[in-house]
1. Which residues, counting only those in segment 115-145, are closer than 19 Å to residue 204 by Cβ and of a type in the set (Val, Ile, Thr)?
2. Listed residues 198, 194; which is under 20 Å from the mean Cα position of the chain (by Cα), closer than 19 Å to residue 13 by Cβ and crowded, with 22+ Cβ neighbours inside 10 Å?
3. Which members of segment 203-241 meet the condition of being assigned to a loop (DSSP other than H, G, I, E, B), loosely packed, with under 14 Cβ neighbours inside 10 Å and aliphatic (A, V, I, L, M)?
4. Going through segment 158-191 one residue at a time, which ones are hydroxyl-bearing (Ser, Thr, Tyr) and either open to solvent by 40 Å² or more (accessible area, probe 1.4 Å) or modelled with pLDDT under 95 (or both)?
5. Among the residues of segment 41-60, write down those that are over 24 Å from the mean Cα position of the chain (by Cα) and open to solvent by less than 40 Å² (accessible area, probe 1.4 Å).
6. Restricting to segment 7-35, and then to whatever is over 19 Å from the mean Cα position of the chain (by Cα) and not aliphatic (A, V, I, L, M), can you tell me which residue is modelled with the lowest pLDDT?
7. Residue 254 - would you say it is out of contact with any Pro (no Cβ under 6 Å at 6 or more places or on another chain), open to solvent by less than 30 Å² (accessible area, probe 1.4 Å) and not aliphatic (A, V, I, L, M)?
Amino acid sequence: DCFPPSSSNEAKIFAVKSVALAYSPTEAPGQTGVRFGLEVVGVPSVDDATATPTICRPGKGPENANLLAVLARPRVAVGLGRATVLDLSWVPPVRVAEVKANLVGIAVARSTRVSDGATATLRIHATLGRIRAPFTCPDEALADPTSECYRGTRSDDRYDPNILGADLAFGFGRPGTAWRPYLGAGYNRLEPRFQVHFTNSAGSTDRRKVTVNLNRIVVFGGTTWAVSPTVRLAGEVYAAPADAVTARVLLQVSPGG
């Protein structure tokens, strides 16, 4: 097993990908009622130099880290009373572009009016589950005589992101206004767990595990637009300054208006 330090390329790959996987608000504070939504988020890419392992597999070429450019996940938010909201999401285990993700997002938020035109929301959130994909030995590497994957079996590696966090956001504008911008910041604890699953040309199976623990400060901002009494469209820019920046779009429908 391998325990790379936070300065390693292995840790940097996990940190960059967590920017898209973290369960951010993607809506202005103070939203109420039941809301069904679909979020689309850009997945930051990793350059070849960063994707090349420095600790766990030195000498190996770049990992297959850029399989998806975007991630889509359905969301549902339910008001629990007392300005508290439960927000849930599930990415079902359907294989897309060689990636099979089974991810759950969960957040609990509590909002407070701090002035006539501002609302603050404190959230705790988590992203849990598993992603399976050929990260270490894709088909291209199996056909490359210079690769250690040559003539082996396509890998079916496992990646558990394990993201826990808390954030505080401030939204501006009175309830009922069409545009409600917001800004916020937070802290994410990243405990990614990765396991190789690759069988080489000699029939030997690599089941190496990679364990990393990281801490990250994040910042974000966006706006929610009430298209109609029942439809909202939100956009957000989300960043971990040490790693990457991404953009999110959320379309929501409120059955009760």
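1. 136
2. The match here is 194.
3. 227
4. 177, 187
5. Listed by number, the residues that qualify are 57, 60.
6. 32
7. yes
Yes or no, residue by residue, for (1) within 30 Å of residue 31 (Cβ to Cβ); (2) surrounded by 15 or more Cβ atoms within 10 Å (Cβ to Cβ); (3) of a type in the set (Val, Ile, Thr):
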| site | (1), (2), (3) |
| --- | --- |
| 70 | yes, no, yes |
| 132 | no, yes, no |
| 151 | no, no, no |
| 154 | no, yes, no |
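The values are calculated or read from the model by the stated rules, or taken from the named source; none is laboratory data. Please read all numbers here as calculations on a predicted model, not as lab measurements. Methodologically, a virtual Cβ is constructed for each residue, glycine included, from the backbone with ideal geometry; neighbour enumeration extends over all protein chains shown. We work out accessible area using only protein heavy atoms, side chains counted, and drop any ligands, DNA or RNA first. Shrake-Rupley method; radii C 1.70, N 1.55, O 1.52, S 1.80 Å.
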